[in-house]
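Asker: First the structure, then my questions, so here it is.
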Amino acid sequence: VQLQASGGGLVQAGGSLRLSCAASGLIAGINDMGWYRQAPGKQREMVAIVTSSGTTNYAESVKGRFTISRDNAKRTVYLQMNSLKPEDTAVYYCRMNVRFMSARDYWGQGTQVTVSS
């Protein structure tokens, strides 16, 4: 199983970006999907998670600005990021809990998001 993330880039404060992450390989189903980020010198943190039933959970710092969604047919998770702030600058990683025989987590390669002030 491979996860391919895309959509990062450089944007001014107040702008928007949409991240995508698509899974490929031997997949029977996908449980929860999530986005995480890691800023320089900091630990990786959860940004948003969406369960297989569509329940979402967000970090307090992004509530009201970011929206996570999933397309099960496309095996893809999205992160719509609005009203971006310089403190949102980080490498963003997607994660999926994939079922095939058993369930395990897979991570994407990371995509850089840089927000200028």
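The values are calculated or read from the model by the stated rules, or taken from the named source; none is laboratory data. Computed from a predicted model, the values in this text were never measured in an experiment. Note: ideal-geometry Cβ built from the backbone for every residue, glycine included; neighbour counts use all protein chains shown. Note: accessible area is taken over every heavy atom of the protein model, side chains too, but ligands, DNA and RNA are not part of it. Shrake-Rupley method; radii C 1.70, N 1.55, O 1.52, S 1.80 Å.
Asker: So which residues in the range 54-69 are open to solvent by less than 50 Å² (accessible area, probe 1.4 Å) and not hydroxyl-bearing (Ser, Thr, Tyr), if there are any at all?
Answerer: Gly54, Ala59, Val62, Arg65, Phe66, Ile68
Asker: Moving to a separate point now. In the range 35-48, how many residues are β-branched (Val, Ile, Thr) and either assigned to a loop (DSSP other than H, G, I, E, B) or open to solvent by 30 Å² or more (accessible area, probe 1.4 Å) (or both)?
Answerer: The number of residues fulfilling the criteria is 0.
Asker: For residues that are under 13 Å from Trp107 (Cα atoms) and among the aliphatic types (A, V, I, L, M), scanning just the range 1-29, find the one that is surrounded by the fewest Cβ atoms within 10 Å (Cβ to Cβ).
Answerer: Filtering the range 1-29 for residues that are under 13 Å from Trp107 (Cα atoms) and among the aliphatic types (A, V, I, L, M), the one surrounded by the fewest Cβ atoms within 10 Å (Cβ to Cβ) comes out as Val1.
Asker: Pairs, please: C-beta under 8 Å, at least 6 apart or cross-chain, first residue closer than 11 Å to Asn82 by Cα and in the range 11-38, second surrounded by 14 or more Cβ atoms within 10 Å (Cβ to Cβ) and aromatic (Phe, Trp, Tyr)?
Answerer: Arg18/Tyr78
Asker: Quick one: Thr51 ticks every box in (1) of a type in the set (S, T, N, Q); (2) surrounded by 14 or more Cβ atoms within 10 Å (Cβ to Cβ); (3) in contact with a helix residue (DSSP H, G or I) (Cβ under 9 Å, 6 or more places away or on another chain) bar one, so which box is it?
Answerer: The one condition Thr51 does not meet is (3).
Asker: Let me ask something else. Within the range 82-92, restricting attention to residues that are outside any loop (DSSP other than H, G, I, E, B) and touching a Lys or Arg at 6+ places or on another chain (Cβ under 7 Å), which residue is nearest to Ala13 (Cα to Cα)?
Answerer: Ala90
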